[in-house]
1. Return an integer: the convex hull volume of the alpha-carbon atoms of region 31-98, in Å³ per residue.
2. DSSP H helices in the chain with Cα extent of 18 Å or more along the helix axis and mean Kyte-Doolittle hydropathy at least 1.6?
3. Can you check what the Kirkwood hydrodynamic radius comes to for the chain, Cα pairs only, in Å to one decimal?
4. Note down the magnitude of the dipole of the chain about its Cα centre, charges +1 on Lys and Arg C-beta and -1 on Asp and Glu C-beta and zero elsewhere, to the nearest 20 debye.
5. Give the Rg (one decimal place) followed by the Dmax (whole number) of region 1-58, computed from C-alpha coordinates and expressed in Å.
6. Given C-alpha coordinates of region 67-138, what is the ratio Rg to Rh with the Kirkwood estimate of Rh?
7. Keeping every protein chain present and rolling a 1.4 Å probe, give me the accessible area per residue for the chain in Å².
Amino acid sequence: MDEWIAAVALAFMILLTVADVILRYFRRPIIGTYEMVALSGAVIIGFSIPFTSWMKGHINVDFLTLKLSPKGRKIFNLVTKCFGIGLFLIIGWNLIILGMDFHKVGEVTPTRHLPIYPVLYGVGCAASLSVLSFYVIS
């Protein structure tokens, strides 16, 4: 599901950018394109990470791990997985807290006055799904 949200956001960002470029030619730019593209970029990155982790689409630094013994590789992978779980727990938790703060004070984008908190909630939840993918994948 996360990858579809990221794909829709990417398609929206592409269409918005193309439309803005075309309309700028006719001196009718789309107001707030920059902030809508920025929010879409956050959605794309945030919602593509869990899927990439689940599909093991991340990179491995083999030149370091190949020098380790099989037991050393397992330990290295365990430590790396624990760091990933901790990092994404912190990211997800803090984004949700920041989303609650932004919701409470009514923080919006400067031009279009779009609320920012839904993006923070969504990316925070996606980061939490990344934790699940680290935990489940062996």
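The values are calculated or read from the model by the stated rules, or taken from the named source; none is laboratory data. From a predicted model like this one, the values you see are computed outputs, not experimental measurements. All Cβ positions, even for glycine, are placed from backbone atoms using ideal geometry, and neighbour counts span all protein chains on display. Accessible surface areas use protein heavy atoms only, side chains included; no ligands, DNA or RNA. Shrake-Rupley method; radii C 1.70, N 1.55, O 1.52, S 1.80 Å.
1. Here the figure is 107 Å³ per residue.
2. none
3. With all distinct Cα pairs of the chain included, I get 17.1 Å.
4. Rounded to the nearest 20 debye, it is 400 debye.
5. Every Cα atom of region 1-58 included, Rg and Dmax give 13.9, 45 Å.
6. Using Cα coordinates only, the ratio equals 1.24.
7. Roughly 70 Å² per residue, with all protein chains present.
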